[in-house]
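What follows is a set of notes on a single structure, which appears directly below.
Every read-out reported here was derived from the displayed coordinates using simple, explicitly stated rules and does not represent laboratory data. Note that this is a predicted model, so its numbers are computed, not measured.
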């Protein structure tokens with residue numbers, strides 16, 4: 001689908017299938033680098049941790065980039081809803097960030113304006129929609145996702161090796177203690 005600004009939005013149907021892991025990618029509004037500060041990244045780490053506890057998710061991998069996030073997890077409840085998972089992860093971060101910007105950097109809000117049906121201006125922290133969601137049902141595919149997620153900062157030139165980027169699960173996979181968020185477990189059939 002072509003959007004008015006000339007960009008393309010890809011639609012992918014989410015399949016909520018018990019026993020499948022999910023590789024999620026979601027992006028900040030307008031691809032703005034809204035996750036470039038440690039404060040905001042810490043809010044996201046807290047939100048991921050909270051989501052896995054209250055929604056019974058097994059977190060397998062993540063990386064927080066300046067303008068987007070990759071997460072790999074396995075829902076353990078058979079009746080999960082991806083919309084609920086995304087809401088629990090994204091909503092607290094967006095609310096905290098918008099409140100912070102309103103108080104300390106209101107000039108940023110103009111960049112984050114979204115169409116509103118009422119008279120009051122509205123602002124969005126996240127790109128609308130569910131982002132990219134891919135079902136993972138094979139161990140090899142899960143491990144390819146882990147590698148892809150961890151290599152994101154290296155591909156972008158933000159780190160020399162995956163474990164140099166502290167805002168990912170790569171350090172946990174190396175067995176280091178200086179991790180921001182420990183994983184619940186590695187995907188099955190671990191090659192390491």
- request: Taking the chain as the reference, fit the longest principal axis to its C-alpha atoms, fit the long axis of helix 38-55 to the helix C-alpha atoms, and give the angle between the two in degrees, 0 to 90, nearest 10.
  value: 60
Pairwise centroid distance, computed over Cα atoms, of the range 106-133 with the range 64-81, Å: 22
message: Treating the range 64-192 as a set of equal point scatterers at the Cα positions, no solvent, please give the Debye-formula log₁₀ I(q)/I(0) at q = 0.19 Å⁻¹.
response: -1.23
statement: Comparing 43, 165, 108 in a Gaussian network model of the chain (Cα, 10 Å), the one with the largest mean-square fluctuation is 108
query: How much length is gained if the chain between residue 111 and residue 54 is pulled fully straight, taking 0.36 nm per residue apart and subtracting their Cα-Cα distance, in nm to one decimal?
result: 17.2 nm
- prompt: At q = 0.16, 0.19 Å⁻¹, what is the log10 ratio I(q)/I(0) for the range 21-138, with the Debye formula run over Cα points and no solvent?
  reply: -0.75, -1.01
Gain upon complete extension [residue 100, residue 79; 0.36 nm per residue less C-alpha separation]: 4.1 nm
field: Between helix 139-155 and the chain: long-axis angle, C-alpha atoms, 0 to 90°, nearest 10
entry: 50
Residue of 171, 134, 156 that the Gaussian network model of the chain assigns the largest fluctuation, springs spanning Cα pairs under 10 Å: 156
message: Using only DSSP helix segments of four residues or longer, with each worth -39500 (n - 2.57), what per-residue ellipticity at 222 nm results for the chain after dividing by its residue count and rounding to 500?
response: -10500 deg cm²/dmol
